[in-house]
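**Q** Take a look at this one; I'll ask things after.
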Amino acid sequence: MYELVVEREFSAGHRLRDYDGACARIHGHNYRVELSVVGEELLPAGFLVDFGDLKEMCDAVIGRLDHRLLNELEPFREQNPTSEHVARHVYEEIQARLRGPRVRVQYVRVWETPRQSAIYRGE
């Protein structure tokens, strides 16, 4: 099994609904996103996925979140924009962009601060 990992960053604001604490107020983070994809079959050129293509896919997804108030965006109008939900959102968006069963997303890790993160792993 081969695994590729890329990291990207974005900045965004959010507030947590139904939460009794400081994070109920609007605040922001400089998020770091770690994306892992896996597969068993390399392309004829000897790689699983072109790193450039993987970075472009990730940038397209997080670009929609960058410098935005996450609460105003789908799917976060209904669900809290927690790191857990952001990780799942990025996971699902990237998985939809990968064509065919040869490569799949292993996990997405979203770092909210340098010392805390959430990981979403698909089925």
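**Q** Quick one: in the stretch 25-63, which of the residues that are of a type in the set (Gly, Ala, Ser) and out of contact with any strand residue (DSSP E or B) (no Cβ under 9 Å at 6 or more places or on another chain) is surrounded by the most Cβ atoms within 10 Å (Cβ to Cβ)?
**A** Ala60
**Q** What strands (runs of 3 or more DSSP E) completely inside the stretch 1-113 contain at least 3 residues that are touching a residue at least 12 places away in the same chain (Cβ under 8 Å) and touching a Lys or Arg at 6+ places or on another chain (Cβ under 6 Å)?
**A** 2-14, 27-39
**Q** Just to be sure, is Leu98 surrounded by fewer than 15 Cβ atoms within 10 Å (Cβ to Cβ) and at pLDDT below 95?
**A** Against the criterion (surrounded by fewer than 15 Cβ atoms within 10 Å (Cβ to Cβ) and at pLDDT below 95), Leu98 does not qualify.
**Q** Another question about this same structure. Would you point out the residue of the stretch 100-119, among those that are touching a Gly at 6+ places or on another chain (Cβ under 8 Å) and among the β-branched types (Val, Ile, Thr), that is nearest to His29 (Cα to Cα)?
**A** Val105
The values are calculated or read from the model by the stated rules, or taken from the named source; none is laboratory data. The model shown is predicted, which means the values in this text are computed figures rather than measured ones. Don't worry about glycine lacking a Cβ; one is built from the backbone with ideal geometry, like all the others, and counts go over all protein chains shown.
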